[in-house]
Amino acid sequence: MLKVVVLASGTGSLTKALIDAEKADVLQAHLVAVGADREADVLGIAAAAGLPTFLVVPADFASRDDWNAALAQAVEASKPDLVVSAGFMRILGAPYLERLGRITINTHPAMLPAFPGAHAVRDALAAGVSQTGCTVHRVTADMDAGPILAQTLVPVLPGDTEETLHERIKKVERLQLVAVINQIAAGAISLT
Ligand code: GRF
């Protein structure tokens, strides 16, 4: 069974969706740990589901490279086949990418290459587009620019706020992320 470590920084609804999908035998993979860069709700969600968690905080390290190396070490401890960044709000740098970049994917709440970066939903709304979406891509040194594995369009509706639009996107992200992980587990998507 594909062993998956999840990295997250926020409310963790995507992580919760993966946990529920595994419980329901919809996810053809096994979540082995959840890691964060800050004390975030996602760690409580993971712990409540009986998952090991780890916390690697940038402020605890002398440099960003040291933090990247420590994060890689914490992830490697779970011996994952796949690392899923699901709302992890840190840039993964060289010391991490050298060791784990090859097996790391990220979900982004826009149709990359449109609206990269940390405010994708807000930027799409401000741009006045009629549709946006979400993307799963491989993580590389160029932020939000790795090879795209899946994308799904999501409509922008009149009166949308950043919150209502992001929630509509997340509903699709949760399904798309499970589908991509299952394709990787089945060998339909190869990361090597
Ligand atoms: C997701 O939309 C993800 O694409 C973005 O942050 C959100 C995480 O949501 N980077 P949650 O914390 O899992 O609810």
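Odds and ends about this structure:
- Over the range 76-188, the fraction of Cα-Cα pairs per 5 Å bin, rounded to whole percents and listed from the shortest bin up, is 2, 12, 23, 22, 18, 12, 7, 3, 1, 0.
- Karplus-derived HN-Hα couplings along the range 86-94 (A = 6.51, B = -1.76, C = 1.60, θ = phi - 60°), whole Hz, x at Gly and Pro: 10, x, 8, 9, 10, 7, 8, x, 3
- Over the residues of the chain, the helix contribution to mean residue ellipticity at 222 nm works out to -11500 deg cm²/dmol, using -39500 (n - 2.57) for each DSSP H run of at least 4.
- Taking the C-alpha atoms only, the angle from helix 64-76 to the longest principal axis of the chain is near 80 degrees.
- Mean Cα-pair separation over length for the range 2-186, i.e. relative contact order, pairs under 8 Å, 6 or more apart, %: 20
- For the range 133-150, Karplus couplings with θ = phi - 60° (6.51, -1.76, 1.60), whole Hz, Gly/Pro x: x, 8, 10, 10, 9, 6, 8, 10, 5, 8, 4, 6, 10, x, x, 7, 9, 6
- Packing, taken as the mean count of other beta carbons within 10 Å per residue, orders the peptides 54-65, 122-133, 101-112 from highest to lowest as 101-112, 122-133, 54-65.
- Amide H contacts of Gly146 (H built 1.01 Å from N, under 5 Å, at least 5 apart or other chain): Thr140
- Take 138-146, 8-16 and order them by the average number of nearby Cβ atoms within 10 Å per residue, most first; the result is 8-16, 138-146.
- Protection proxy ranking of 81-90, 35-44 - average other beta-carbon atoms within 10 Å, highest first: 81-90, 35-44
- Whichever lysines have a C-alpha closer than 27 Å to that of Lys171, once near sequence neighbours (fewer than 8 apart) are set aside: Lys3, Lys16, Lys23
- Kirkwood estimate for the chain, i.e. one over the average of 1/r between Cα atoms, Å: 16.7
- Potential lengthening between Ala118 and Leu157 on full extension [0.36 nm per residue; Cα-Cα distance subtracted]: 11.9 nm
- Extreme residue, positive dipole direction of the range 2-186, given options Ala70, Ser9, Val83 (C-beta unit charges): Val83
Every number in this text was worked out from the coordinates using simple rules, so none of it is lab data. As the structure is a computational prediction, the values presented were derived from the model and not from experiment. Glycine gets a Cβ as well: all are built from the backbone with ideal geometry, and neighbour counts include every protein chain shown.
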